[in-house]
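Since the structure comes first, as structure tokens, the remarks are kept for the end.
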Amino acid sequence: MKRWSLARQFFAGQLVFVFVLTSCISWVLYLDAEQNTYDAASERMLSVAGTIALDPLVRNAVGGLDPAAELQPYAVAVMNGLGVDFVTIMAPDRTRFTHRNPEQIGLPYIGSVAEALAGSPHIETYTGTLGPSIRAIAPVKDATGAVVAMVAAGITVDRAAIARNAQLPLVGLIALGALCFGALSSFVLSRHLRRATLGLGTDELARMFVFYDSVLHSVREGLLLTDPVGRLVLYNDQAARLLGLDGNRAGSLTRAADLLLPTSLTELLASGRQAFDEVHLTKSRVLVLNQTPAVPPGGNNRGGRTPGGKDSSETGSLGTVTTIRDHTEIESLAGELQTMRTLAEALRAQTHEHANRLHTIVSLIELDRRADALEFATKDLQQSQQLTDRVVAAVDEPFVAALLVGKAAQANERGIELSIEVAEAMGDAGIEAGDLVTIVGNLLDNAFDAAAASDGRRVELAIGSAEGPRGGLRLVVEDSGPGFSAGESRRAFDLGFSTKEHSGSGRGIGLALVRQAVQRHGGTLEVTTSELGGAAFAVVLPSRAGARPAADAQ
């Protein structure tokens, strides 16, 4: 039986329960029929005995010279007419005047007579000459109220049993109907349970739960389960950490729309649509999500559901399964790789330019114009060194300094005039180098692309100390590009938004990463119209020097 499915065990248990219940009901109905038959027979015998006791013929005959001769024909007629097994009229001393068997006339009556002698009729079941019988005894009183005789009327228990047994077919039909109805209900419920449990047994379900629970909390990816209406059913520890959820993994059926998640994440979880490697940003993380419908074996739903959950419920989907991967460190490494790539491109451009300048210097020397060659070399070295020294001296971070030097070379190669103004002695703001590289690098890349499409082709970067009690760092990047309209300004930092032509999946992430980094440090970010004609991005990052690292917030 342990190998049976849960549905089969339930069906067998229900059948046993229904059989036991039906047997109990049948027994109660049988006892009730027996009691009703006894009560009906007792009431009938009491009526017969009472009627005979009130008959003047009986009262007068018991006072005559030969009561038996006068009352026996009367009793026989009553017994035959009413279908009574016996009617015994007797004297107060139990002497019978009548009996079904004439040989018993004159012999003492067998039964209780005390109550009748006291003037009250009573009913009893007693074993007499005809066997066990249900009988009623009523007193016969004269005009003064004295008991002058007694009348006993009764039927045998066997005749009462016949009447009781006549009701057994009805009892059987009721029991059979209850058994059939209970069995059918159990079958329907077991079929539903079989579909719900996929035909698995209790041991299999228990083992599956243990395995699945272990897998759920051992995987390194976040896992979310939602029902067809977009409510969270279950999530593992990694998902709780990545999304900032509480530890109640059993799911209080909270709607995704009620969670404090970014709008893009909320819309994805609430819609239930399919998603493949979609990038979503929280305040502190870069997350890659995949989402697919949860379909039972044999289901054919692969298209997800429309907002509102109609498609899933109609096609058999139980909800959605969402996996979450943390790409924050990968994006950080990608930013550092982009910095190295920028530096490599800058070195390549500088190598090409320096080769040309070196050829110029060599040619001047060959032409015996050594003074001009020395002046040309010194001037070129001073211009490059001044920029490098100014950046390195002001920005106490080699990665950012290298980035700015590389971006200057990149701007020169693209024919863009890059102006960098760095305030002296800004101090240590305590801001992570990776975040500074992300912010400065993406803002400059965006400014380069915008300025390249304009006539001015100019970009300005200003780095200085932020005003206010908390101090910190202030960055302003301006370009001479086309700028943003009012609607584009509001959407500029949304993930996936881009004003560039042929923007695809690789577009629209740079400014979103900038906003994420700024929010992670509690800073501010705004975009306005630049004096150069394009867009101006202003970033203020409060000083975090000496502060404890903030916990990941959503």
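The values are calculated or read from the model by the stated rules, or taken from the named source; none is laboratory data. These numbers were taken from a predicted model, which means no experiment stands behind them. A quick note on method: Cβ atoms are made from the backbone with ideal geometry, for glycine too, and the neighbour counts reach across all protein chains shown.
Identify, please: which residue in region 22-37 is within 11 Å of residue 175 (Cα to Cα) and surrounded by 14 or more Cβ atoms within 10 Å (Cβ to Cβ) and is, among those, farthest from the chain's Cα centre (by Cα)?
The extreme case among them is 30.
Restricting attention to region 64-108, which residues are touching a Gly at 6+ places or on another chain (Cβ under 8 Å) and under 20 Å from residue 126 (Cα atoms)?
84, 85, 86, 95, 96
Let me confirm something: among 51, 22, 37, which residue is in contact with a helix residue (DSSP H, G or I) (Cβ under 6 Å, 6 or more places away or on another chain) and over 26 Å from residue 187 (Cα atoms)?
37
Taking the conditions exactly as written (over 26 Å from residue 446 (Cβ atoms), at pLDDT 80 or above and surrounded by fewer than 18 Cβ atoms within 10 Å (Cβ to Cβ)), does residue 419 satisfy them or not?
The answer is no for residue 419.
Can you tell me which of (1) touching a strand residue (DSSP E or B) at 6+ places or on another chain (Cβ under 9 Å); (2) of a type in the set (A, V, I, L, M); (3) not assigned by TED's automatic domain parsing to the domain that holds residue 76 is the one residue 155 doesn't meet?
All conditions are met except number (3).
In region 73-88, what residues are in contact with a Phe, Trp or Tyr (Cβ under 7 Å, 6 or more places away or on another chain) and in a helix (DSSP H, G or I)?
Once the filter is applied, which keeps residues that are in contact with a Phe, Trp or Tyr (Cβ under 7 Å, 6 or more places away or on another chain) and in a helix (DSSP H, G or I), region 73-88 yields only 79.
Pick from region 112-141 the residues that are part of a loop (DSSP other than H, G, I, E, B) and at pLDDT below 85: which of them is surrounded by the fewest Cβ atoms within 10 Å (Cβ to Cβ)?
129
Out of (1) at pLDDT below 85; (2) out of contact with any Asp or Glu (no Cβ under 7 Å at 6 or more places or on another chain), the odd one out for residue 153 is which?
(1)
So which residues in region 38-71 are surrounded by 16 or more Cβ atoms within 10 Å (Cβ to Cβ) and within 60 Å of the chain's Cα centre (by Cα)?
38
What do you reckon, is residue 102 assigned by TED's automatic domain parsing to the domain that holds residue 66 and more than 20 Å from residue 50 (Cβ to Cβ)?
yes
Do you know which of the residues in region 156-171 that are in a helix (DSSP H, G or I), modelled with pLDDT of 75 or more and not aliphatic (A, V, I, L, M) is nearest to the chain's Cα centre (by Cα)?
So, considering only residues that are in a helix (DSSP H, G or I), modelled with pLDDT of 75 or more and not aliphatic (A, V, I, L, M), the one nearest to the chain's Cα centre (by Cα) is 169.
Taking the residues in region 211-224 that are farther than 20 Å from residue 274 by Cα and in contact (Cβ under 8 Å) with a residue 12 or more places away in the chain as candidates, determine which candidate is surrounded by the most Cβ atoms within 10 Å (Cβ to Cβ).
Filtering first and then ranking leaves 216.
For residue 64, indicate whether it is farther than 18 Å from residue 135 by Cβ and either part of a helix (DSSP H, G or I) or touching a strand residue (DSSP E or B) at 6+ places or on another chain (Cβ under 8 Å) (or both).
Judged against the criteria, residue 64 is not a match.
Every residue, every condition in (1) surrounded by 19 or more Cβ atoms within 10 Å (Cβ to Cβ); (2) at pLDDT below 75; (3) closer than 30 Å to residue 14 by Cβ, yes or no:
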| residue | (1), (2), (3) |
| --- | --- |
| 194 | no, yes, yes |
| 204 | no, yes, yes |
| 226 | yes, no, no |
| 238 | yes, no, no |
| 259 | no, yes, no |
| 263 | no, no, no |
| 288 | no, no, no |
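Return only the number of the condition from (1) more than 14 Å from residue 45 (Cβ to Cβ); (2) surrounded by fewer than 18 Cβ atoms within 10 Å (Cβ to Cβ) that residue 83 does not satisfy.
With respect to (1) more than 14 Å from residue 45 (Cβ to Cβ); (2) surrounded by fewer than 18 Cβ atoms within 10 Å (Cβ to Cβ), residue 83 is out only on (1).
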